[in-house]
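Colleague: Have a look at this one before I ask anything.
The values are calculated or read from the model by the stated rules, or taken from the named source; none is laboratory data. Everything quoted here is computed from the prediction, not taken from an experiment. Don't worry about glycine lacking a Cβ; one is built from the backbone with ideal geometry, like all the others, and counts go over all protein chains shown.
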Amino acid sequence: MINLIQWIGEKIANATNISVEEIVTYIEIPPNEDMGDYAFPCFKLAKTLKKAPIAIATELKEAIALDEIIEKIEIVGGYLNFYTNKILLTQMVLEEIENKKENFGANQSGKGKTILVEYSSPNIAKPFHIGHLRTTVIGAALYNIYQFMGYHTVGINHLGDYGTQFGKMIEGYKRWGREYTLGENPIDTLVDIYVRINHLCKEDETVLEICRENFKKLEQGDPYCVKIWNEFKDLSLKEFQKTYDLLDVHFDSIKGEAFYIDKMDEVIDKLENKGVLKDSQGAKVVNLEEENLGVCLIKKSNGSTIYATRDLAAILYRARTYHFDKCLYVVAYEQNLHFKQVFAVAKYLDIPEKCLKGLEHVSYGMTRLTTGKMSTREGTLVKVDALLQEAIDRAKAIIEEKNPTMENKQEEAEKIGIGAVIFNNLCNTIIKDQIFDWNTILNFNGETGPYIQYIYVRTQSVARKVTHLPNITDVHFDLLQDKQSLKVITLLYHFENVLMSVIAKNEPSLLARYLIHLSQAYSNFYNENKILNEDKNIQNARVYLNNAVGTVLKTGAKLLGIKMPNKM
């Protein structure tokens, strides 16, 4: 399928000797269809070409030859407006969907490139709460989309399984383990033990010293400490997996911070050899003040390392293991400074330049309740397993009310409830804080996951009513030239461009918003056009477009991690 933005970019580049890469960044889609399908703002080139925008537009119009796909070019106030041949565009889009089906929109732009996506990364022995949900669904969506676009994609779950808190957990278990049955509600049990030992540490400094000694023993491989630590880890992973199964999220690598313990000495040696590791009150730091990043602590005064050191060891390991082109860290914006510092220090580790350039922090906003910020102390921390079950139960209640005779209610309720939660995390620019409100996320009429699912189910309902599903050879493209049909066709054409924008900006909300717009355009098409028609040629064209929308909605939702129900 012709990439029209690329086509226009090449024509303008040939006429101006300015790179295609620069030109295409200026091309716009006009807000009004009457102003054309694409617009080029000639004032962007005025300084370079030393000409007035209208003069540039006039010269470009004369230099660009029309062909079968671009049928008209007009000059409007310094803009060059391009109009496509709508019948040919319709044919091109629908034939591409016929050929690619569920792979429509995919390309091989990522062929030969490796992308690592680090996401989820919960802490061992602590609840998997709603804050972890955002990184999990954002990371999973990026993983899916990069993979769809031809990249070799590696999903990494970087567990928080190391630190002095585990010395405390071990001590708490030694003292009170017999009071608990770890197999029953293991996370809640471990949290309870952790709270108890923390209180005791505050009351008795000698207990805190014992906990620190436990952690040293763990680092040194003490059999008892390692055994308990592994038990905590295994129990936590089993509990986390229940949530991952519900979300249908998978990882290619699950390695915690502890995996990098024996790899940190090399990081420290490299920094010392480069002469950048400095003493600071007994600690070891890298001074980044010239880059306005303060100092990056590498080793504490007591000789222990911190998570910055482990992140550096992970970068070194990943560069050697995967030779990645990009390594994305899907972590909340509260860690912005941390990653700026780590990436700045990484340049001293002798890793390939492409790996250095590919380090990227995909930061996202926090999740808040309608009543304010979540707090463990205030009892407002929302656990993900409870949240997902609540979403499923609420979806099932809606189904019971609207369609009491539906089959497989539980299965469909899971798709709707979980889909609603996922979409709520992805529908707005991810850097923005997210408000979690039950009154909006399960709304079947708003800009929500259930609305997209509802529109998809409608496309399938239409298809089931047709005795003969049309083939592409049955479609008269000239019968899909009304305003509503063309809006749908245009949106379908842009699906691949939207996916390319997602990976260019690491912003899955672009796809979520696209699916809303496509659903709304289909709804207008459905309301204004009688699909099941006495005229079989009209019916074939409209049913084919109906089915094409269903295909793209299902593909797009799947990339976001949302499953489509069969009925609603």
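Colleague: Looking at Asp252, Asp262, can you tell me which residue is touching a residue at least 60 places away in the same chain (Cβ under 8 Å) and more than 18 Å from Asn123 (Cα to Cα)?
Modeller: Unique residue meeting the criteria: Asp252.
Colleague: Let me ask something else about it. Give me the pairs: first residue in region 221-245 and assigned to a helix (DSSP H, G or I), second residue surrounded by 12 or more Cβ atoms within 10 Å (Cβ to Cβ) and aromatic (Phe, Trp, Tyr), beta-carbon distance under 7 Å, and six or more apart or on different chains, which are they?
Modeller: Ile228/Tyr173; Trp229/Phe166; Phe240/Phe128; Thr243/Phe128
Colleague: Out of all the residues in region 22-52, which are under 39 Å from the mean Cα position of the chain (by Cα), farther than 19 Å from Asn85 by Cα and touching a residue at least 12 places away in the same chain (Cβ under 8 Å)?
Modeller: The answer is Ile23, Val24, Tyr26, Pro41, Cys42, Phe43, Lys44, Leu45, Thr48.
Colleague: Within region 259-273, is even one residue touching a Ser or Thr at 6+ places or on another chain (Cβ under 7 Å), in the same structural domain as Ala319 (by TED's automatic domain parsing) and among the aromatic types (Phe, Trp, Tyr)?
Modeller: Looking for residues that are touching a Ser or Thr at 6+ places or on another chain (Cβ under 7 Å), in the same structural domain as Ala319 (by TED's automatic domain parsing) and among the aromatic types (Phe, Trp, Tyr), one finds none in region 259-273, hence no.
Colleague: Just one of (1) within 27 Å of Thr135 (Cβ to Cβ); (2) surrounded by fewer than 18 Cβ atoms within 10 Å (Cβ to Cβ) trips up Lys536, so point out which.
Modeller: So Lys536 meets the others, but not (1).
Colleague: Give the residue that is surrounded by the fewest Cβ atoms within 10 Å (Cβ to Cβ), with candidates limited to residues of region 415-464 that are without any contact (Cβ under 8 Å) to a residue 40 or more places away in the chain and either within 23 Å of the chain's Cα centre (by Cα) or not in a helix (DSSP H, G or I) (or both).
Modeller: Asn445
Colleague: Looking at region 167-184, I want the residues that are closer than 18 Å to Gln220 by Cα and have a partner that is of a type in the set (D, E, K, R) with Cβ atoms under 7 Å, at least 6 apart or on another chain. Which pairs are those?
Modeller: Gly167/Arg212
Colleague: So, in region 51-104, of the ones that are in a helix (DSSP H, G or I) and small (Gly, Ala, Ser), which residue ends up nearest to Asn3 (Cα to Cα)?
Modeller: Ala63
Colleague: Restricting attention to region 175-220, and to residues there that are assigned to a helix (DSSP H, G or I) and of a type in the set (S, T, N, Q), which single residue is surrounded by the most Cβ atoms within 10 Å (Cβ to Cβ)?
Modeller: Top of the filtered list is Asn214.
Colleague: Give me the pairs, please: first residue somewhere in region 465-488 and of a type in the set (Lys, Arg), second residue anywhere and surrounded by fewer than 13 Cβ atoms within 10 Å (Cβ to Cβ), beta-carbon distance under 9 Å, and either six or more positions apart or on two chains.
Modeller: Lys465/Leu532; Lys483/Glu528
Colleague: Here's another thing I want to ask about it. Look through Lys263, Lys278, Lys270 and report the one residue that is outside any helix (DSSP H, G or I), surrounded by 14 or more Cβ atoms within 10 Å (Cβ to Cβ) and of a type in the set (Lys, Arg).
Modeller: Of Lys263, Lys278, Lys270, the one residue that is outside any helix (DSSP H, G or I), surrounded by 14 or more Cβ atoms within 10 Å (Cβ to Cβ) and of a type in the set (Lys, Arg) is Lys278.
Colleague: Would you point out which residue out of Lys357, Lys340 is assigned to a helix (DSSP H, G or I), closer than 24 Å to Gly112 by Cα, within 25 Å of the chain's Cα centre (by Cα) and at pLDDT 95 or above?
Modeller: None of the others qualify; the one that does is Lys357.
Colleague: Give the number of residues within region 505-541 that are of a type in the set (D, E, K, R) and in a helix (DSSP H, G or I).
Modeller: 4
Colleague: Taking the stated definitions as given, is Gly155 modelled with pLDDT under 95, closer than 20 Å to Ser121 by Cβ and touching a strand residue (DSSP E or B) at 6+ places or on another chain (Cβ under 9 Å)?
Modeller: Criteria not met by Gly155.
Colleague: Kindly list the number of the only condition in (1) over 26 Å from Ala106 (Cα atoms); (2) touching a Leu at 6+ places or on another chain (Cβ under 8 Å) that fails for His468.
Modeller: (2)
Colleague: Can you say whether Val502 is farther than 26 Å from Gly365 by Cβ and either in a helix (DSSP H, G or I) or in contact with an Asp or Glu (Cβ under 8 Å, 6 or more places away or on another chain) (or both), as far as the supplied structure shows?
Modeller: no
Colleague: In contact (Cβ under 8 Å) with a residue 24 or more places away in the chain, more than 31 Å from the chain's Cα centre (by Cα) and assigned to a helix (DSSP H, G or I) - does that describe any residue in region 542-565?
Modeller: yes
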